[in-house]
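As structure tokens, the structure follows; a few thoughts come after it.
The values are calculated or read from the model by the stated rules, or taken from the named source; none is laboratory data. Since we're looking at a predicted model, the values are computed, not measured. Every residue, glycine among them, receives a Cβ derived from its backbone with ideal geometry; neighbour counts consider all protein chains shown.
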Protein chains: 2
Amino acid sequence: MAPTIRDIARVAGVSVATASKGLNGKGRMRPETRERIVQTARDLGFRPNRNARSLTSGRTYTVGLLTRNGYGRFTPALLGGVEDALSADTCSLLLCDARRDAVRERHYIDALTARRVDGLIVTGRETDQAPRVGRDLPFPVVYAYTVSADPADTSVTVDDEHGGRLAVRQLTRYGCRRIAHLTGPPSYAAVRDRVAGARAALAEEGLDLPDSRVVYGPFSEEMGFTHVRRLLERDPEIDGIFCGNDQIARGAADGLAALGRRVPDDVALVGFDNWTLLAASTRPALASVDMNLYRLGRVVGETLLASIDGTVSPGVSRLPCSIAVRASCPASTGDDPVWASDAPLVPDA
Amino acid sequence: MAPTIRDIARVAGVSVATASKGLNGKGRMRPETRERIVQTARDLGFRPNRNARSLTSGRTYTVGLLTRNGYGRFTPALLGGVEDALSADTCSLLLCDARRDAVRERHYIDALTARRVDGLIVTGRETDQAPRVGRDLPFPVVYAYTVSADPADTSVTVDDEHGGRLAVRQLTRYGCRRIAHLTGPPSYAAVRDRVAGARAALAEEGLDLPDSRVVYGPFSEEMGFTHVRRLLERDPEIDGIFCGNDQIARGAADGLAALGRRVPDDVALVGFDNWTLLAASTRPALASVDMNLYRLGRVVGETLLASIDGTVSPGVSRLPCSIAVRASCPASTGDDPVWASDAPLVPDA
DNA sequence: TTGAAAGCGCTAACAG
DNA sequence: CTGTTAGCGCTTTCAA
């Protein structure tokens, strides 16, 4: 059995209360007494039972992380940020995966409640609004990446519109004038937001993105490969393509190569996600918008800690993206591309 | 404040002890009393405090998951399996990422000890032997994927040698006779084991894999792309390549295309990892060895539960791989490829 | 069938 | 400066 504070007290020849104070640096006592207590604890390998402590303190220093639909490619970076933010307050993370199942989700909420978590982070694979996780929960909740449908909740997500802007700006700075967009299903809020951002950035330059140059499809290489050909057949003047994610961009790069078009000289390419594994392996390497998920995680963690402290900040906040410049759309000279100062400490998969 | 069992007792008009028994279905009591207690608990939204309960029961129904070097591509599937296995015992997962830092690791071990976890799973990105996580820990530990250097510990990992065998068998069944191997750095145990498996399977057919046809390099597309060319220049008779992972295989596929060699007609290709996102997008789609990480996770979870129950099973156990057959090395007719019956419920990133 | 009391490991208010 | 006492929420003998 692990030693308890009573063992420490007995061996150190003091009362339990004194042992407690000694170990926690509270109260006043003779330095030698404290030293003796601490030393005894060390000798016996004493680890105070946090569960017991939380009984009186009311705080468990534990927060739940509920993912609604599995661990995706985005989860690791986010998780890293969350963990770093929480570790500032020595909070631990309790992991739950609801797997798109409302019953499972309810079950996990109950389990977390029974464990008296100090707070909860809810995450999901899409930025779309999702139903809130429950009502009148006995702890604060922060939605990460996914956004709660209830504006009274606190959500922190990515500014996809800004991402779209960045992508297009990179293309126009490189010199592209006739830009197309290959992207995912318009049912995704992220897809719609990126289109809006792209259009806004083009408008600033007096350019446009007509519907004829926007293609929606699955988020796959196949999609990029197939549609880049159709696009260029219909409109051979296209000189830049903003792709909705890196897989599409990779497919487009391969498709352009098959057509004999050079990247970026004939057609420049910008992807989205900055999924290094894919982006850096593409020939040429893909410039790509980075959602800064590590930072998102940090902000989410900090926001939750603030909520636990009672500082409430309801509503949706959207964090800006940055762009990783690579050969598929190099920086124009003398122009500083926006690039995250806080690069992820956690490399992506 | 959340209602306590005292509130239930008071409202239901019984003693705390009776309330406890009533809620837990223990002891004997008049059915109507029990019903009243349960109903009261429901009405007040009572959630028994598990931390308080664990004080007396000694079990926290919480296990730690310590990853030694970040969440990789392999983590999600493994995690899913672990979670499923543990949820059978309603255990929760406490997540920690040591980030290759011994101090961090020690810190997390202490934190988990203070939380009185019932057990610990240690995982890492490589199958290589790694130093054990600590000695005389007050809970059982199971190493997952990574293997503890101490044979007295319990480790569950992948049978890479078997994976190598499967890959080569797929190639020879398709008809390949002159096989080469493009793989990662030989410093990885996985790399060495796969080579050994490949050689063993070839020997069974009276074939061999001379050193001249084995190329070690980084686990990257670049590597596959570059070296497939060199390999075929030196030895144009090669008709099958076993690649150490899917990235290398993808690079090799692209390289072969650039050389004008058809896959699989001229050269068949088998990858490793069955990373669907990559393998299915390659043209042609990649046949690939699957490590069944979801199942590994399940077995790890079950092993840990067994250890907690006192059933000790020290040593290293290695789970077999399976192979996902795709166009780059199709199945020969009438031959049943080995394919996992327990496909991952958790799709990969 | 029910309840009083003790105790799990720890903290905190109050005396000594 | 140190110890006694009470109590956090729950379980578990043991009496009534």
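Residues checked against (1) surrounded by fewer than 20 Cβ atoms within 10 Å (Cβ to Cβ); (2) closer than 30 Å to residue A:71 by Cβ; (3) over 38 Å from the mean Cα position of the chain (by Cα); (4) away from DNA strand C (no atom under 16 Å from the Cβ):
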{"residue": "B:7", "(1), (2), (3), (4)": "yes, no, yes, no"}
{"residue": "B:19", "(1), (2), (3), (4)": "no, no, yes, no"}
{"residue": "B:50", "(1), (2), (3), (4)": "no, yes, no, no"}
{"residue": "B:58", "(1), (2), (3), (4)": "yes, no, no, no"}
{"residue": "B:66", "(1), (2), (3), (4)": "no, yes, no, yes"}
{"residue": "B:107", "(1), (2), (3), (4)": "yes, yes, no, yes"}
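Among the numbered conditions (1) away from chain B (no Cβ under 14 Å); (2) within 30 Å of residue A:156 (Cβ to Cβ), the only one that residue A:77 does not meet is (1).
Given the condition near DNA strand C (Cβ under 8 Å from one of its atoms), closer than 28 Å to residue B:118 by Cα and surrounded by 13 or more Cβ atoms within 10 Å (Cβ to Cβ), answer yes or no: does some residue in the range A:31-42 qualify? Taking every residue of the range A:31-42 in turn, none turns out to be near DNA strand C (Cβ under 8 Å from one of its atoms), closer than 28 Å to residue B:118 by Cα and surrounded by 13 or more Cβ atoms within 10 Å (Cβ to Cβ). With respect to the conditions (1) touching a residue at least 12 places away in the same chain (Cβ under 8 Å); (2) assigned by the TED database to the domain that holds residue B:134, residue B:102 falls short on a single one, namely (1).
Residue A:26 falls short on exactly one of the conditions (1) in contact (Cβ under 8 Å) with a residue 24 or more places away in the chain; (2) near DNA strand C (Cβ under 9 Å from one of its atoms); (3) farther than 16 Å from residue B:110 by Cβ, and that condition is (1). If the condition is being within 22 Å of residue A:294 (Cβ to Cβ), of a type in the set (Lys, Arg) and touching a strand residue (DSSP E or B) at 6+ places or on another chain (Cβ under 6 Å), then the range A:102-147 contributes no residue at all. Evaluate the range A:204-225: report whether one residue or more is over 20 Å from residue A:169 (Cα atoms), in a strand (DSSP E or B) and in contact (Cβ under 8 Å) with a residue 24 or more places away in the chain. Within the range A:204-225 (the criterion being over 20 Å from residue A:169 (Cα atoms), in a strand (DSSP E or B) and in contact (Cβ under 8 Å) with a residue 24 or more places away in the chain), the answer is yes, since at least one residue qualifies. The set of residues from the range B:21-42 being within 47 Å of the chain's Cα centre (by Cα) and of a type in the set (Asp, Glu) comprises just one member, B:35.
Meeting the requirement of 1 or more residues that are within 16 Å of DNA strand D (Cβ to nearest atom), out of contact with any helix residue (DSSP H, G or I) (no Cβ under 7 Å at 6 or more places or on another chain) and at positive phi, no helices (runs of 4 or more DSSP H) wholly within the range B:1-99 can be named. Residues in the range B:36-56 that are within 11 Å of another protein chain (Cβ to nearest Cβ) and hydroxyl-bearing (Ser, Thr, Tyr): B:54, B:56. Applying a threshold of 6 Å to beta carbon distances and a minimum spacing of six or more residues, or different chains, the list of pairs starting in the range A:38-62 at a residue that is closer than 25 Å to residue B:52 by Cβ and ending at one that is among the hydroxyl-bearing types (Ser, Thr, Tyr) and not in a loop (DSSP other than H, G, I, E, B) reads A:47/B:113; A:51/B:54; A:60/A:54; A:62/A:92. Look at residue B:241 and say whether it is in the same structural domain as residue B:202 (by the TED database) and part of a strand (DSSP E or B). Taking the combined requirement at face value, the residue satisfies it.
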